[in-house]
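Notes to accompany the following structure.
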Amino acid sequence: MEAKEQIRQTITNHPVVLFMKGNPQAPQCGFSATAVQILKACGVNTFASVDVLADPDIRQGIKDFSNWPTVPQLYVKGEFVGGCDIMKEMYQAGELQKQLEDLASA
């Protein structure tokens, strides 16, 4: 399956998806670790994660798919939210919690 189609299926089949380096239990970079902490602080303890380090096609494909140059990348209900900095800003403003509230502890 082509990387773009695999990405599309993942974000369609899961309400919250984090494309990251490593996994939620063992993030492989500080930005990915912060993104996981933000999701947990919003009450989202269960979410799909994709380790971009495991597949070079996905690692590049997600950047092309979102037209966003960095990882991690958060998708909620199939929509691209942003990377770590945007997640942090939205969390501090209370916006991310609102966007995720009906998905918390799902």
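The values are calculated or read from the model by the stated rules, or taken from the named source; none is laboratory data. Please read these numbers as outputs of a predicted model, since none were measured by experiment. So basically every Cβ, Gly included, is an ideal-geometry build from the backbone, and we count neighbours across all protein chains shown.
Could you tell me how many of the residues in the range 21-58 are in a strand (DSSP E or B) and under 21 Å from D102 (Cβ atoms)?
Step one: of the range 21-58, the residues in a strand (DSSP E or B) are 22-23, 26-27, 48-51.
Add one more test, that the residue is under 21 Å from D102 (Cβ atoms), and what stays is 48-49.
Adding up the residues that qualify gives 2.
Within the range 54-83, restricting attention to residues that are more than 14 Å from the chain's Cα centre (by Cα) and among the polar types (S, T, N, Q), which residue is nearest to F19 (Cα to Cα)?
Checking each candidate, the answer is Q60.
Using the structure shown, decide if T70 is in a helix (DSSP H, G or I) and out of contact with any strand residue (DSSP E or B) (no Cβ under 8 Å at 6 or more places or on another chain).
no
Tell me the residue from G61, G78 that is farther than 18 Å from D102 by Cα and touching a residue at least 40 places away in the same chain (Cβ under 8 Å), please.
Among G61, G78, only G61 is farther than 18 Å from D102 by Cα and touching a residue at least 40 places away in the same chain (Cβ under 8 Å).
Mind listing whichever residues of the range 84-106 are surrounded by fewer than 20 Cβ atoms within 10 Å (Cβ to Cβ) and either without any contact (Cβ under 8 Å) to a residue 12 or more places away in the chain or under 12 Å from the mean Cα position of the chain (by Cα) (or both)?
D85, I86, E89, Q92, A93, G94, E95, K98, D102
Would you say G61 is assigned to a helix (DSSP H, G or I) and among the small types (G, A, S)?
yes
Among what's in the range 23-44 and is in contact with a Cys (Cβ under 7 Å, 6 or more places away or on another chain) and of a type outside the set (A, V, I, L, M), pick the residue that is surrounded by the fewest Cβ atoms within 10 Å (Cβ to Cβ).
Ranking the qualifying residues of the range 23-44, first place goes to T34.
Listed residues A106, A41; which is at pLDDT below 95 and of a type outside the set (D, E, K, R)?
A106
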